Each structure stands twice: as structure tokens, then as C-alpha cells.
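Here the structure is laid out as C-alpha cells; the discussion comes afterwards.
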Amino acid sequence: MKVRVLEILECWELAAGYGHRTVVLVEELKAHKGELICFLGPNGAGKSTLLKTVAGLLAPLGGAVYLKGERLEKVSLKERASALAVVLTDRCLPGLLTVFEAVALGRHPHTGLLGKLSRRDERVVWESLRLVGAEELASRFYGDLSDGEKQKVLIARALAQEPEIMILDEPTVHLDLQHRAGIMSLLLRLCREKGITVFLSLHEVDLALKGTAYVVLVHEGRVLGMGLPEELLTAEAVSRLYGSGVGEFDPVTGAVELRLPAEGPLVFVVAGGGKGAKVIRALAKRGYRLACGVLPENDVDVFVARGVGAELITVPAFAPVGKEALELARPYLKEAQAVVDTGFPLVPATEGNRTLLKWAADAGKPLFSLRSEGFPSGRRAAGLTALLQMLENLFASA
Ligand SMILES: Nc1ncnc2c1ncn2[C@@H]1O[C@H](COP(=O)(O)OP(=O)(O)OP(=O)(O)O)[C@@H](O)[C@H]1O
């Protein structure tokens with residue numbers, strides 16, 4: 001469904017912070033009706049501070065937030081409460097309320113002084129519980145719920161407010177994989193179908209890439225960029241945001257490989273066709289230094305090998321493994337204390353990799369193969385567990 005484009009919330013020269021300390025500065029940010037905007041950045045970058053300021057819970061230290069064209073501080077509390085719903089991370093609600101009562105609190109801006117629920121209010125509360133998949137929790141005490149269940153109830157309470165804007169600080173925290181995906185698709189659906197504008201903060205870069213439409217990268221008090229996650233979240237941008245020590249972010253899969261300390265013996269992994277990824281990961285976790293090749297640049301094994309910090313010998317995508325690449329691989333092969341054939345596809349383009357295995361065998365290198373049939377090379381390992389054991393035995397006896 002198409003939604004009408006309207007700037008519902010704007011920030012101009014906004015300085016957000018505490019006392020005299022500006023934590024984060026935003027020159028300009030415009031949110032349209034039905035948009036989902038995600039603040040992404042490392043711990044302490046200022047995401048929560050920014051969300052609280054946008055929500056009007058913190059007064060700006062400079063500049064202003066405008067709600068539908070009016071300065072937020074001039075908008076009455078009642079109007080703010082019906083336009084904006086906020087879900088913060090502290091999850092504090094009286095524990096002795098039932099879930100239904102807790103979600104019904106969200107109807108306050110709409111009910112009279114006594115807070116009596118009309119039939120419609122009750123319907124909205126049930127619908128909100130249904131949307132987050134928490135209907136069956138309705139009669140339980142809020143205080144008895146797990147953190148993930150509490151999170152869902154708080155989102156339901158915000159929905160019950162029927163707000164135009166929802167502001168959520170780390171809504172996926174404490175949620176398992178299924179509910180994380182569920183919350184992200186729910187929020188996107190609310191944007192699309194109900195025209196609600198959502199501001200949220202996230203820690204998961206993959207979720208920002210896969211589940212949000214617009215990201216604002218917050219780093220050391222500044223906005224590094226804002227726009228489509230598909231365009232902004234490059235490996236360079238992510239390492240600028242979080243530091244390069246964490247490992248490389250792969251914008252294709254949205255995954256971050258962990259860069260772990262590697263001080264063990266050098267193992268040459270002959271990979272390709274995605275056969276190397278899990279071998280490379282398993283070896284990296286055990287501290288082996290790794291060299292991998294020869295791989296076409298677009299092979300999934302490249303992303304993993306580069307991510308874990310392995311030495312890499314590559315050829316351009318779709319190019320065969322030629323002489324030049326073999327010469328680049330040779331010194332690593334020479335230095336390697338073991339060589340692994342991952343079972344890469346035996347096609348004409350990988351002929352060169354068979355040469356590598358032959359060189360290794362001729363040089364008397366310990367050679368292990370995960371290949372179940374076909375090209376014979378070295379000792380056969382029945383699977384990854386067996387391979388790891390064989391390598392461990394080899395180096396234990398060395
Ligand atoms: N109530 C407060 N008073 C003073 N400083 C605060 C307060 N709350 C947060 N800060 C500081 O403001 C900075 C930004 O904190 P903020 O919570 O906004 O970061 P964040 O990006 O949300 O971090 P995280 O991802 O760890 O939740 C930090 O240096 C923090 O110590």
C-alpha cells in the first residue's frame with residue numbers, strides 16, 4: 001500500500017545530551033509518514049540519548065525537534081502522548097499488573113479521566129496483543145514474564161496507544177531469533193499498512209541491513225551518514241563505526257566474521273564453491289593461521305576467509321586458476337605445516353587448485369581431504385570433526 005509522504009518529525013541542528021554535555025549532534029533529519037528509521041552505532045554513541053530527545057523525554061541542548069511542523073516543547077503533553085509512543089529498554093511497569101492491564105495503559109491518552117475502557121479500547125488492546133503474538137499472555141502477571149515476553153508486552157502497549165510515531169530503544173534485545181525477525185517484520189508492516197513512523201535503535205548490523213529501510217549511523221557524537229542500509233552499510237563503513245578489530249562485515253550476507261587470535265601452525269586451505277567456509281571458520285576458532293586459495297573473488301569462501309583474517313590468493317570472478325595465481329600461492333604452500341582439500345568442485349576452472357594439491361603431496365606435506373570421492377589427495381577425513389582431530393593429532397605429535 002502506498003502511503004502519503006508527509007514530514008511528520010524533523011530535527012534541525014539538534015544537540016542532544018545531558019546538563020552541559022552534548023552527546024550527539026544532528027544537523028538535519030526528516031522523517032516521513034510510514035518511514036522506519038534506525039539509529040545504528042556502537043555502545044555509548046548516543047542512540048538512546050537521541051531517541052529520548054526525539055521523543056521529548058530529554059530537552060534539546062540546542063536546535064529543535066518539530067512534530068508536524070510545531071516545536072515539540074510547544075506541543076501539549078496530551079497531544080504528544082497520542083502522537084508518540086515510546087518503548088525504552090528498562091521495561092519498568094508494575095509487576096502486579098496483568099498483561100492485559102499493562103497493555104491497556106497504552107489507551108490512557110484516549111480514555112477519560114477515570115481511564116475506563118470502552119468496547120473499542122478493549123478491542124484495540126486485544127488487537128495490539130495479537131499483533132505482537134502475546135494474546136495468550138493476557139491474564140499473566142507482567143512481573144512473572146521473561147525479558148523477551150516483557151519486551152513484546154511493552155511493544156503491544158505502545159501499539160495500543162495508536163500512535164503516529166513509535167520510538168523504540170533496542171526493541172530486539174532479549175528476543176530470540178524468531179521473535180527478532182517477527183518484531184522487525186511487524187514494525188515494517190506497521191509502517192507500510194498503518195503509516196506509522198518508527199524510530200528505533202539496534203545493535204545488530206545484519207538486522208539493520210535486512211530489516212530496516214533507512215539507517216542513521218551514529219559515531220562518537222556525530223552522524224556519519226544516513227540513507228539506505230543497502231548503500232551505507234559497506235565493509236568500510238561498518239569498520240569505521242565499530243572499529244576494524246571486530247572482523248569484516250560482508251554486505252552481501254550481512255554477516256560479520258570474527259577476527260580471532262591466530263598464532264598456531266599455518267594451514268593451507270584449498271577451497272572454492274563454498275566448500276571452504278565452514279572449514280575456515282572451524283580452523284580459525286582453533287587458532288590456526290590460515291592461507292586460502294585459489295579462489296575467485298566472488299566465491300563465498302572469500303568473504304569468510306577475508307573476514308577471519310586469512311591470507312588469500314584470488315583470481316577475478318569466473319577466471320580460471322592460472323599460473324600467476326599458483327605462483328602467488330606457492331610460498332604459502334611451502335610454509336604451510338598442513339594442507340586441506342575442502343572438496344572444491346572439480347571443474348576446468350579449478351584445475352590449478354588440483355596442481356596445488358599435487359605440489360603439496362610431492363613436497364610430502366601432511367595433506368587431508370574432505371572429499372568423499374573423486375580426485376584422491378592425502379588422508380581422507382570423514383567430516384569436519386575428524387579433520388580437526390587429525391590436525392590436532394598431527395600437531396600434538398610434532
Ligand atoms: N542520564 C545520563 N546522564 C549523563 N550522561 C549520560 C546519561 N545517559 C547516558 N549518558 C552518556 O551519554 C553517552 C551516550 O549514551 P547513550 O545511552 O545515548 O548511548 P547508546 O548509543 O544508546 O549506547 P548503548 O548502545 O550502549 O545503549 C554515553 O557516554 C553515556 O555515558
With respect to VAL304, determine if the residue is outside any loop (DSSP other than H, G, I, E, B), among the aliphatic types (A, V, I, L, M) and over 23 Å from GLY378 (Cα atoms). yes
Would you check if there is a residue in the range 367-382 being within 37 Å of the chain's Cα centre (by Cα), of a type in the set (Gly, Ala, Ser), more than 13 Å from PRO265 (Cα to Cα) and open to solvent by less than 30 Å² (accessible area, probe 1.4 Å)? yes
Any chance ALA396 is of a type in the set (A, V, I, L, M, F, W, C), over 21 Å from GLY264 (Cα atoms) and assigned to a helix (DSSP H, G or I): no
Cross-chain or 6+ apart pairs with Cβ under 6 Å, the range 89-100 first and over 28 Å from LEU50 (Cα atoms) and modelled with pLDDT of 70 or more, then part of a loop (DSSP other than H, G, I, E, B) and open to solvent by 80 Å² or more (accessible area, probe 1.4 Å): THR98/SER139; VAL99/ARG140
Selection from the range 221-257 of residues modelled with pLDDT under 90, exposed (fewer than 15 other Cβ atoms within 10 Å of the Cβ) and in a loop (DSSP other than H, G, I, E, B) yields GLY243, VAL252
Assuming VAL294 fulfils every condition listed in (1) touching a residue at least 40 places away in the same chain (Cβ under 8 Å); (2) over 22 Å from ARG330 (Cβ atoms) apart from one, which condition is it? (2)
Name the residues in the range 243-297 that are within 30 Å of GLU351 (Cβ to Cβ) and under 21 Å from the mean Cα position of the chain (by Cα), would you? GLU248, ASP250, VAL252, THR253, GLU257, ALA277, LYS278, ARG281
Restricting to the range 229-266, name every residue that is touching a Phe, Trp or Tyr at 6+ places or on another chain (Cβ under 8 Å) and either within 21 Å of ILE167 (Cβ to Cβ) or among the basic types (Lys, Arg) (or both). PRO229
Would you check if GLY143 is outside any loop (DSSP other than H, G, I, E, B) and assigned by TED's automatic domain parsing to the domain that holds LEU57? yes
Residue in the range 9-20 that is least open to solvent (accessible area, probe 1.4 Å), counting only those that are modelled with pLDDT under 95 and within 12 Å of the ligand (Cβ to nearest atom): GLY19
Just to verify a result, which residue in the range 140-164, among those that are of a type in the set (Lys, Arg) and under 29 Å from the mean Cα position of the chain (by Cα), is most open to solvent (accessible area, probe 1.4 Å)? ARG157
Can you tell which of LEU283, LEU333, LEU367, LEU346 is within 28 Å of THR253 (Cβ to Cβ) and modelled with pLDDT of 95 or more? LEU283
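Residues are listed down the side, and each one gets a yes or a no for (1) away from the ligand (no atom under 14 Å from the Cβ); (2) within 12 Å of the chain's Cα centre (by Cα); (3) not small (Gly, Ala, Ser):
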site	(1), (2), (3)
THR197	yes, no, yes
HIS203	no, yes, yes
ASP206	yes, yes, yes
THR212	yes, yes, yes
VAL216	no, no, yes
With a cut-off of at least 1 residues that are buried (at least 22 other Cβ atoms within 10 Å of the Cβ) and within 16 Å of the ligand (Cβ to nearest atom), name the helices (runs of 4 or more DSSP H) lying wholly within the range 32-139. 47-54
Would it be correct to say that GLY182 is away from the ligand (no atom under 16 Å from the Cβ), without any contact (Cβ under 8 Å) to a residue 60 or more places away in the chain and not in a helix (DSSP H, G or I)? no
Per the list (1) out of contact with any strand residue (DSSP E or B) (no Cβ under 9 Å at 6 or more places or on another chain); (2) over 19 Å from GLY274 (Cβ atoms); (3) not basic (Lys, Arg), residue check on PRO348 breaks on (2)
Where a residue in the range 41-61 is in contact (Cβ under 8 Å) with a residue 40 or more places away in the chain and its partner, wherever it lies, is of a type in the set (Val, Ile, Thr) and more than 8 Å from the ligand (Cβ to nearest atom), with Cβ under 6 Å and at least six apart: LEU51/ILE167; VAL54/VAL65; ALA55/VAL86; ALA55/ILE167; PRO60/THR53; LEU61/THR22
Considering every residue within the range 191-206, establish whether at least one is closer than 17 Å to GLU127 by Cα and crowded, with 23+ Cβ neighbours inside 10 Å. yes
In the range 294-325, the residues that are surrounded by fewer than 20 Cβ atoms within 10 Å (Cβ to Cβ) and small (Gly, Ala, Ser): GLY309, ALA317, ALA319, GLY322
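The values are calculated or read from the model by the stated rules, or taken from the named source; none is laboratory data. Only a predicted model underlies this, so the values are computations on that prediction, with no experimental measurement involved. With ideal geometry, Cβ positions are generated from the backbone for all residues, glycine too; neighbour counts draw on all protein chains shown. Note: areas computed on protein heavy atoms with side chains; ligands, DNA, RNA excluded. Shrake-Rupley method; radii C 1.70, N 1.55, O 1.52, S 1.80 Å.
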